């Protein structure tokens, strides 16, 4: 067997008929909660819905204390050797390149996540094929499709993002978790900086470096995200939603929402509920 897909609870299991992970190209994919794992004995924190590309001869292990799951897809070094001149093989070479200190990654946009889940299922079907020829053909097609989608995402982003897995990444993760849980009450950058025991200036440097946005922009994004969920998936009035999101004046909430989304909350609800 020259390819495989596993979930994190079985990542350290390597049956005799499967390739050794260290001898393979490795794709790790985080799910909706993000995840943590060990790469070359170093802690790696991966944001939600993100692929990380690990070249051959990379040691990766599950962290037993981190219960968040992730998906591991890996395939042997000669999986595409017979097609070295095709686009997929070229993509493999570029996607799995790394510098001395970081690995490449791609965060999936919402429109691509369902397709990726479908491809995972195709790989699962290939794994269960009793015919060796069908097994390889199904697996080859599924992994080719996966890599092509990621290569397309790479081209849309203007280059795969390189992530520096450092203490800064861990602080950013804590900040994003904090705003998700507390943004209805706290919207000031200083509050979050104090909670993280860093200065607002350092928090700004981290978010601009790792997310290309300021802390205030990320806070507003979370406000809009949670407001949007309430608008589309509840029957609460705009005034009730404004209060729940921490705005005493409905007009202040509506003005902010319109500035960020281009529509006032009532118009946004009407337009998008018709599409659901």
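So here's what we get for this one:
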{"read-out": "Among residues of the stretch 20-68, those that are in a strand (DSSP E or B), over 18 Å from residue 146 (Cα atoms) and under 10 Å from the mean Cα position of the chain (by Cα), counted", "value": "2"}
{"read-out": "Residues of the stretch 242-256 that turn out to be within 22 Å of residue 176 (Cα to Cα) and either touching a residue at least 12 places away in the same chain (Cβ under 8 Å) or within 29 Å of the chain's Cα centre (by Cα) (or both), as a count", "value": "6"}
{"read-out": "Residue 121, sole failed condition from (1) surrounded by fewer than 13 Cβ atoms within 10 Å (Cβ to Cβ); (2) modelled with pLDDT under 85; (3) within 23 Å of residue 24 (Cβ to Cβ)", "value": "(2)"}
{"read-out": "Filtered residue count, the stretch 94-116, keeping only those that are surrounded by 11 or more Cβ atoms within 10 Å (Cβ to Cβ), free of Cβ contacts under 8 Å to residues at least 60 places away in the same chain and in a helix (DSSP H, G or I)", "value": "2"}
{"read-out": "Any hit, the stretch 219-227, residues being more than 15 Å from residue 176 (Cα to Cα) and either surrounded by 14 or more Cβ atoms within 10 Å (Cβ to Cβ) or out of contact with any strand residue (DSSP E or B) (no Cβ under 6 Å at 6 or more places or on another chain) (or both)", "value": "yes"}
{"read-out": "Filter pass, residue 156 being closer than 30 Å to residue 257 by Cβ and at pLDDT 90 or above", "value": "no"}
{"read-out": "Test for residue 259: is it in the same structural domain as residue 179 (by TED's automatic domain parsing), farther than 22 Å from residue 181 by Cα and either over 27 Å from the mean Cα position of the chain (by Cα) or not in a loop (DSSP other than H, G, I, E, B) (or both)", "value": "yes"}
{"read-out": "Residue that is modelled with the lowest pLDDT, among those in the stretch 12-42 that are touching a helix residue (DSSP H, G or I) at 6+ places or on another chain (Cβ under 8 Å) and farther than 22 Å from residue 97 by Cβ", "value": "14"}
{"read-out": "Sole exception among (1) assigned to a helix (DSSP H, G or I); (2) loosely packed, with under 14 Cβ neighbours inside 10 Å; (3) touching a residue at least 60 places away in the same chain (Cβ under 8 Å) for residue 208, by number", "value": "(3)"}
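The values are calculated or read from the model by the stated rules, or taken from the named source; none is laboratory data. In this text, all values refer to a predicted model and were calculated from it rather than measured experimentally. As a convention, Cβ positions derive from the backbone with ideal geometry for all residues, glycine included, and neighbour counts pool all protein chains shown.
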